[in-house]
1. Does the range 165-192 hold any residues that are in contact with a helix residue (DSSP H, G or I) (Cβ under 6 Å, 6 or more places away or on another chain), in a helix (DSSP H, G or I) and surrounded by fewer than 21 Cβ atoms within 10 Å (Cβ to Cβ), and which are they?
2. Does the range 137-145 contain at least one residue that is part of a loop (DSSP other than H, G, I, E, B), farther than 20 Å from residue 106 by Cα and modelled with pLDDT under 95?
3. So, residue 238, is that one in contact with a helix residue (DSSP H, G or I) (Cβ under 9 Å, 6 or more places away or on another chain) and farther than 30 Å from residue 49 by Cβ or not?
4. Which residues, taken from the range 204-219, are in contact with a strand residue (DSSP E or B) (Cβ under 6 Å, 6 or more places away or on another chain) and within 17 Å of residue 260 (Cα to Cα)?
5. Given the conditions (1) modelled with pLDDT of 95 or more; (2) within 26 Å of residue 84 (Cβ to Cβ); (3) surrounded by 16 or more Cβ atoms within 10 Å (Cβ to Cβ), report the number of the one that residue 211 does not fulfil.
6. I'd like to check which helices (runs of 4 or more DSSP H) are fully inside the range 29-128 and have at least 3 residues that are outside the structural domain of residue 189 (by TED's automatic domain parsing) and surrounded by 17 or more Cβ atoms within 10 Å (Cβ to Cβ).
């Protein structure tokens, strides 16, 4: 057992009880299983926030992990799509989303008598200098981040997940669907559905690893890992037809490949 795994388990054993904001991604899936193992099924629960911005495929995967590892699971509807600040899609959109999420989960924790509310933020998230307004909302709400608190990195979480037999150990990052919509372009259920259907189609074609269909209004810009770029370009005519049926007038493959935070990078002036 690594030092960070031992530190994490020691930390969560100090929690009288816990509610975890659970998406089913690499980090929250691992933390959910550790909480379940250390606290037992009567002292913890994983909570999924459901809305149109949460992909159906991720929901199914999150439920499968919870079922497979006997993690108590609840689902709570969130209403960020009723918040005009969120719908306007500013660069701090995630702040409004997480504010809504915690406004639902904190009362749920209190109602259940659960002492600690936590999330899956890891040490890399806080040390990378990335744009993370959602974390500020968690700080304001008093949310704990056990993985970050013990300094656990993404690589360590993947390795520890593999050791536990978690199917998420090598899963690509899976942020919400709104993260694909260019800043300043309003978030709408239709645009989220376009992104979800486009990415599902590309997965069905066989694309694996990191994948984003960036929504730029009439234009869809596809980001994939570099080795998929020539494969996808060879099939671009067929892909354009399919995405065109979803409402995209122009379909492009980004020659730079998948990049975390590319929509934020696009806002920065070039030197």
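The values are calculated or read from the model by the stated rules, or taken from the named source; none is laboratory data. Bear in mind the structure is a predicted one, so any value in this text is a computation, not a measurement. With ideal geometry, Cβ positions are generated from the backbone for all residues, glycine too; neighbour counts draw on all protein chains shown.
1. 169
2. Just the residues of the range 137-145 that are part of a loop (DSSP other than H, G, I, E, B), to begin with: 142-143, 145.
Pick out the ones that are also farther than 20 Å from residue 106 by Cα and you get none.
No, the range 137-145 has no match at all.
3. Numbers: in contact with a helix residue (DSSP H, G or I) (Cβ under 9 Å, 6 or more places away or on another chain): yes; farther than 30 Å from residue 49 by Cβ: yes.
Taking the combined requirement at face value, the residue satisfies it.
4. 211, 212, 213, 214, 215
5. So the condition that residue 211 fails would be (2).
6. Hits in the range 29-128: 56-68, 93-112, 123-127.
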